[in-house]
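The values are calculated or read from the model by the stated rules, or taken from the named source; none is laboratory data. Bear in mind the structure is a predicted one, so any value in this text is a computation, not a measurement. Using ideal geometry, Cβ is built from the backbone for each residue, glycine included, and neighbour counts are taken over all protein chains shown. Side chains are part of the model used for accessible areas, which takes the heavy atoms of the whole protein and leaves out ligands, DNA and RNA. Shrake-Rupley method; radii C 1.70, N 1.55, O 1.52, S 1.80 Å.
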Amino acid sequence: MKPRQIVPNVHLIGAVDWDRRLFDALIPLPDGTSYNAYFVQGSEKSVLLDTVDPSMWPTLAAQLDELPAPDYLVIHHVEQDHSGSTPLVLERYPGITIVCNEKAKAMLVDHLHVDDARFHVVADGDTLSLGDKTLTFLFTPWVHWPETMSTWLEADKILFSGDFFGSHFATSDVYAVKEEVYAGAKRYYAEIMMPFAAQVVKNVEKVTQYPIAVIAPSHGPVYDDPSFIIEAYRDWSTGPMQNVVCLPYVTMHDSTRLMVDHLTDALAERSVAVERFDLTTVDLGELASSLVHAGTVVIGTSTVLTGPHPLAANAAFVANALRPRTKYATVIGSYGWAGKTVETLAGMMPKLKVELLEPVLARGLPREADYAALDALADTIAEKHKDLAPRR
Ligand code: FEO
């Protein structure tokens, strides 16, 4: 694609990676992604904001052929999908100066062996004049790494936000269509931002002190209605938890499935929504999205030897890493002769500030008493969820 104008002298460049299906060897990308770079031309100086994943360098290079040589390269975030082509930019423009913060500089030196002499280091709130346009650098740590920062372009009220407010969503559109991007932006928040929800809140409040007409993130479409994504971030990071049970499960011989089915029905009869995920086929992004709003997590697992099934252990590991604001958690499942499933899974989620509800474990095929225990669990969850928000 050719450079696309956002406003006069500000262009979206970069690359849409339509076919990428996995990020960080972990995160599924059902909708592909993009690596957005931007070009700002001032009356005296010009700046390239971020680069692209090195695999897409030829795409960015072809766009740069149509633009003047930039004086500066701003690096918002050192993860390779944005900074990975930095050495190629430096080679192409021997006079260009990298503008970034001290932490980003150290990371660029470590990860890409960038020459120490190529940097102009900025502090939080510093400005850089391009002539008729001025950039203001706002440190926004932990969205997604400690060095992440945003850039505010006062003249056009554009916030270049890096990963912050992004989405793994390949599109030929410049601007977000809200209905299309919401789910992708939410799963992106869940996968990337949720572990740092407290910092997200602070950074949202920090950047919104500045007038913003457009948010231009490093992934996915640009927002010409910033309030849409700003309000979504406020909701995901601080909004009320919902009357939803997130129920990831794995079953080997269907005893656990019978229990999961029974609990699902029991919860539905009590007007509690259930979001179920078969861990043998689950898209981790969908599970993560559910964790953003689910009031309760119930892990359903068979027993392997004396512990949880490895897929259930992985779900617990992921939940612990993502640190959702879920309020309650428990375990259901079946075992053959003995087990430490509950202790093992609970021990794997120390970062979750949850109240543990009474687990339900059946020896072999569940009996009436096990189903009664699941009914009691459903009663407990329905009671605990009385004050939560309805599912949206
Ligand atoms: Fe899109 Fe954290 O990199």
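Being open to solvent by less than 20 Å² (accessible area, probe 1.4 Å), more than 14 Å from the ligand (Cβ to nearest atom) and among the β-branched types (Val, Ile, Thr) narrows it down to one residue among 134, 208, 151; which is it?
Numbers: 134 fails: open to solvent by less than 20 Å² (accessible area, probe 1.4 Å); 208 fails: open to solvent by less than 20 Å² (accessible area, probe 1.4 Å).
Result: 151 is the single residue among 134, 208, 151 that is open to solvent by less than 20 Å² (accessible area, probe 1.4 Å), more than 14 Å from the ligand (Cβ to nearest atom) and among the β-branched types (Val, Ile, Thr).
If I filter segment 76-91 down to residues being within 14 Å of residue 14 (Cα to Cα) and of a type in the set (Val, Ile, Thr), which single residue comes out as nearest to the ligand (Cβ to nearest atom)?
86
Can you find a residue that is within 27 Å of residue 236 (Cα to Cα), in a loop (DSSP other than H, G, I, E, B) and modelled with pLDDT under 95 anywhere in segment 353-369? Spell out the reasoning first.
Residues of segment 353-369 within 27 Å of residue 236 (Cα to Cα): 353-357.
In the following step, the residues that additionally are in a loop (DSSP other than H, G, I, E, B) were identified as 353-354, 357.
In the following step, the residues that additionally are modelled with pLDDT under 95 were identified as 353.
Checked segment 353-369: at least one residue is within 27 Å of residue 236 (Cα to Cα), in a loop (DSSP other than H, G, I, E, B) and modelled with pLDDT under 95.
Within segment 266-298, which residues are open to solvent by 30 Å² or more (accessible area, probe 1.4 Å) and within 19 Å of residue 328 (Cβ to Cβ)?
268, 269, 270, 271, 274, 276
Among the candidates 161, 227, single out the residue that is polar (S, T, N, Q) and away from the ligand (no atom under 13 Å from the Cβ). Talk me through it step by step, then tell me what you get.
Working: 161 fails: away from the ligand (no atom under 13 Å from the Cβ).
Unique residue meeting the criteria: 227.
Within segment 84-103, identify whether any single residue is surrounded by 17 or more Cβ atoms within 10 Å (Cβ to Cβ) and either at pLDDT below 95 or basic (Lys, Arg) (or both), and answer yes or no.
Yes - at least one qualifying residue is present in segment 84-103.
Looking at 175, 188, can you tell me which residue is open to solvent by less than 30 Å² (accessible area, probe 1.4 Å) and either out of contact with any strand residue (DSSP E or B) (no Cβ under 7 Å at 6 or more places or on another chain) or closer than 28 Å to residue 286 by Cβ (or both)? Before you say what the answer is, go through the steps one by one.
Details: 175 fails: open to solvent by less than 30 Å² (accessible area, probe 1.4 Å).
Result of the check over 175, 188: 188.
Among the strands (runs of 3 or more DSSP E) lying completely within segment 137-231, list those that include at least 2 residues that are under 15 Å from the mean Cα position of the chain (by Cα).
Fully inside segment 137-231 and qualifying: 158-162.
What's the total number of residues in segment 34-54 that are within 14 Å of the ligand (Cβ to nearest atom) and open to solvent by 30 Å² or more (accessible area, probe 1.4 Å)?
Our first condition is that a residue be within 14 Å of the ligand (Cβ to nearest atom); within segment 34-54, this holds for 34-37, 49-54.
Adding the requirement that they be open to solvent by 30 Å² or more (accessible area, probe 1.4 Å) leaves 54.
Of the residues in that region, 1 qualify.
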